[in-house]
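The values are calculated or read from the model by the stated rules, or taken from the named source; none is laboratory data. Keep in mind the model is a prediction, meaning the values are calculated, not measured. For neighbour counting, all protein chains shown are included, and Cβ atoms are generated from backbone atoms with ideal geometry for every residue, glycine included.
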Amino acid sequence: MLSINTFGTLQVLHGDKPVALPASRKTRALLAYLVLTATPQRRDRLCELFWDIPDDPRGALRWSLSKLRPIVKTGEETQLLADRERVSIDVDAIEVDFRAFRNLVENEQKRPNIVSIEAAWEQSNQMLLEDCELPNQPGYTAWLEQQRNELTRLRITLSRRLALSPDLSPVDSEKWSERWLANAPFDPAAAQQAVLARRRLGLEHEANTLARELEQSFREAELEPPVWADDIKPQEKSKPADRPVDDIQLPQSQSIRFVQAKDNISLAWASVGDPASPPLVKAANWLSHLELDWEAPIWSPLFRALAQSFHFIRYDERGCGLSDWEVPDISFESFVTDLETVVDAAGLDRFPLLGISQGAAVSIEYAARHPDRVSHLILFGGYPAGWRHMATAEEAREREAIMVLTETGWGRENPSYRHLFSRTFMPTATAEELAWFDEFQRLTTSAKNAVRFLEAFADIDVRDRLKDVKAPTLVVHSRNDMRIPVATGQALAAQIPNAQFAGINSENHLLLGHEPASLEFLDAVQRFLRD
């Protein structure tokens, strides 16, 4: 069986075996175009779409077709059909994921098979043909955008149908309502259903919070807010839990302790919250300081909120914060073994694990090594591989230059260099928040260690470990994250078995306590851990 996958990167498989595709992006894009249009195309039209006039379009087309013929063979026959005027691919003998998803959506089912629909939904939750973009070919680009819009329309249709289905349980209805809203954020019907679904589950606070957030987002988009029915309308009086995240008070002072790592360096770790509450461990990530964090406009509000419900445990990475700065080893392996050391010191047998930014990769590796100890895995703003594994030569030169600048500019009184980091971490931060963060960076670690961290992060690679994660996983990512694109988070969720993905409305890689996205993050985490 010949199958062609268009969700994510273009892939052709003969049975279960992937076929090597041409290095030419235009040739791959041509294959995708012929497969998805599924009708004969005039040669002159293909030349207009894919090649510039000064070139030899017809010669280039012939070359591309010669590369595609052996790829789309079933048995001894190629499915590429061409004469002097037209070219087509006979897709009747080929499985195409986009066509299969369209058929699933458009064929009404009285009793939908939720398991098969879930699988199809997860498969489609990727950018269509992400490696087949041709920015300099406007005709093809317009067609590709149209196909991506069509995929979004199909996802909206499916999620709306299931969200409104009387045959689904309230839990499934809430899940599909959330998916409907994620794909149609300014559809009043989707907004109303999402709030109603939460209320039917008894999630009063969550329903009220979502209703207020939706009203605000509609107004910011200069649209009329949804009209809430009486059974959806948010309560007039806010309960204490409805306060902004940065208004939540610390339940008690934190307890800071120290433990010796395997190479005898000292690691600082802290716990806060009721010890009788369920534990939640946060893997360390760069730019942390157990004492200074409590004054941070970035982490502290989230930490206070998490400590309301959990016995919250975190630690400073080796080389920064209250942990030893003079250390022989700063590497990915040391990050993982330090996490092992801290959870053993805390006396934890089984616990949910939170990984933020590069701490996500550390958490993935720990969960793969210790499936019996991680009950739930939560990843925010994460990525599976550092830039050295995927950067172009130009990007590599730029990254190397940044490390040189880091070594010379990190500890200076003038914060202009550190400001480069701040702006990419938190593009919507106020001037006061940026000034605080600039100084916080300088106090957190040394210039030498900052470079060592950047080197270690560049070499991270847990891509082959994603399949080994057994714990239920939630991947949360800011939809407009400037530092780690949301597509990276979506790909992460797609490759971890049965992982859930939740996009939140923020541009920030590090969440600010006053932004609504902080509540979105907390809501997603708390609901995930309740399931």
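Odds and ends about this structure:
- Within the stretch 442-471, the set of residues being in a loop (DSSP other than H, G, I, E, B) and either more than 19 Å from SER375 (Cα to Cα) or touching a Cys at 6+ places or on another chain (Cβ under 6 Å) (or both) comprises THR445, SER446, ASP459, ILE460, VAL462.
- One residue alone among LYS262, LYS282 is at pLDDT 85 or above, loosely packed, with under 14 Cβ neighbours inside 10 Å and among the basic types (Lys, Arg), and that residue is LYS262.
Per-residue answers, yes or no, for (1) touching a Pro at 6+ places or on another chain (Cβ under 9 Å); (2) closer than 30 Å to ARG179 by Cα:
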{"site": "TRP63", "(1), (2)": "no, no"}
{"site": "LYS67", "(1), (2)": "yes, no"}
{"site": "GLU85", "(1), (2)": "yes, no"}
{"site": "ILE89", "(1), (2)": "no, no"}
{"site": "PHE98", "(1), (2)": "no, yes"}
{"site": "TRP121", "(1), (2)": "no, yes"}
{"site": "ASN125", "(1), (2)": "no, yes"}
{"site": "GLU133", "(1), (2)": "no, yes"}
{"site": "GLN137", "(1), (2)": "no, no"}
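- Looking only at the stretch 463-492, residues that are touching a residue at least 60 places away in the same chain (Cβ under 8 Å), more than 16 Å from GLU520 (Cβ to Cβ) and under 10 Å from the mean Cα position of the chain (by Cα) come to 6 in all.
- Residue count for the stretch 50-71 satisfying the condition of being modelled with pLDDT under 90 and aliphatic (A, V, I, L, M): 1.
- Exactly one residue among LEU134, LEU196, LEU158, LEU151 is outside any helix (DSSP H, G or I) and not assigned by TED's automatic domain parsing to the domain that holds GLY489, and that residue is LEU134.
- Checked across the stretch 247-256, the condition of being modelled with pLDDT of 85 or more and outside any helix (DSSP H, G or I) holds for at least one residue.
- ASP468 being charged (D, E, K, R) and either buried (at least 22 other Cβ atoms within 10 Å of the Cβ) or closer than 12 Å to LEU379 by Cα (or both): no
- Selection from the stretch 1-20 of residues that are in contact with a Leu (Cβ under 7 Å, 6 or more places away or on another chain), surrounded by fewer than 18 Cβ atoms within 10 Å (Cβ to Cβ) and not in a strand (DSSP E or B): VAL19
- Condition met for ALA305 (touching a Phe, Trp or Tyr at 6+ places or on another chain (Cβ under 8 Å) and either among the small types (Gly, Ala, Ser) or surrounded by 24 or more Cβ atoms within 10 Å (Cβ to Cβ) (or both)): no
- Residues of the stretch 189-236 that turn out to be polar (S, T, N, Q), at pLDDT 80 or above and surrounded by fewer than 19 Cβ atoms within 10 Å (Cβ to Cβ), as a count: 2
- Taken residue by residue, the stretch 86-106 has no member that is within 33 Å of the chain's Cα centre (by Cα), over 27 Å from LEU13 (Cβ atoms) and modelled with pLDDT under 90.
Each row is one residue, and each column tells you yes or no for (1) farther than 26 Å from GLN490 by Cβ; (2) among the basic types (Lys, Arg); (3) touching a residue at least 24 places away in the same chain (Cβ under 8 Å); (4) touching a helix residue (DSSP H, G or I) at 6+ places or on another chain (Cβ under 7 Å).
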{"residue": "LEU21", "(1), (2), (3), (4)": "no, no, yes, yes"}
{"residue": "ALA38", "(1), (2), (3), (4)": "yes, no, yes, yes"}
{"residue": "SER88", "(1), (2), (3), (4)": "yes, no, yes, yes"}
{"residue": "GLU95", "(1), (2), (3), (4)": "no, no, yes, no"}
{"residue": "ASN113", "(1), (2), (3), (4)": "no, no, no, no"}
{"residue": "ASN125", "(1), (2), (3), (4)": "no, no, yes, yes"}
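- Condition met for LEU34 (outside any loop (DSSP other than H, G, I, E, B) and closer than 25 Å to SER124 by Cβ): yes
- Filtered residue count, the stretch 274-292, keeping only those that are assigned to a loop (DSSP other than H, G, I, E, B), within 11 Å of HIS311 (Cα to Cα) and in contact with a helix residue (DSSP H, G or I) (Cβ under 8 Å, 6 or more places away or on another chain): 2
- Residue in the stretch 163-175 that is touching a residue at least 24 places away in the same chain (Cβ under 8 Å), surrounded by fewer than 21 Cβ atoms within 10 Å (Cβ to Cβ) and touching a strand residue (DSSP E or B) at 6+ places or on another chain (Cβ under 9 Å) present: no
- Sole exception among (1) polar (S, T, N, Q); (2) part of a helix (DSSP H, G or I); (3) at pLDDT below 95 for SER363, by number: (3)
- Long-range neighbours under 8 Å by Cβ, at least six apart or interchain, first residue part of a strand (DSSP E or B) within the stretch 306-332, second among the acidic types (Asp, Glu) and at pLDDT below 95: HIS311/ASP274
- Answer residue from the stretch 76-101, given it is in a loop (DSSP other than H, G, I, E, B) and touching a Leu at 6+ places or on another chain (Cβ under 9 Å) and is surrounded by the most Cβ atoms within 10 Å (Cβ to Cβ) among those: GLN79
- Between LEU510, LEU474, the distinction of being in a loop (DSSP other than H, G, I, E, B) and of a type in the set (A, V, I, L, M, F, W, C) belongs to LEU510 only.
- Of all the numbered requirements in (1) among the polar types (S, T, N, Q); (2) touching a strand residue (DSSP E or B) at 6+ places or on another chain (Cβ under 7 Å); (3) not in a loop (DSSP other than H, G, I, E, B), THR39 misses one, and that requirement is (3).
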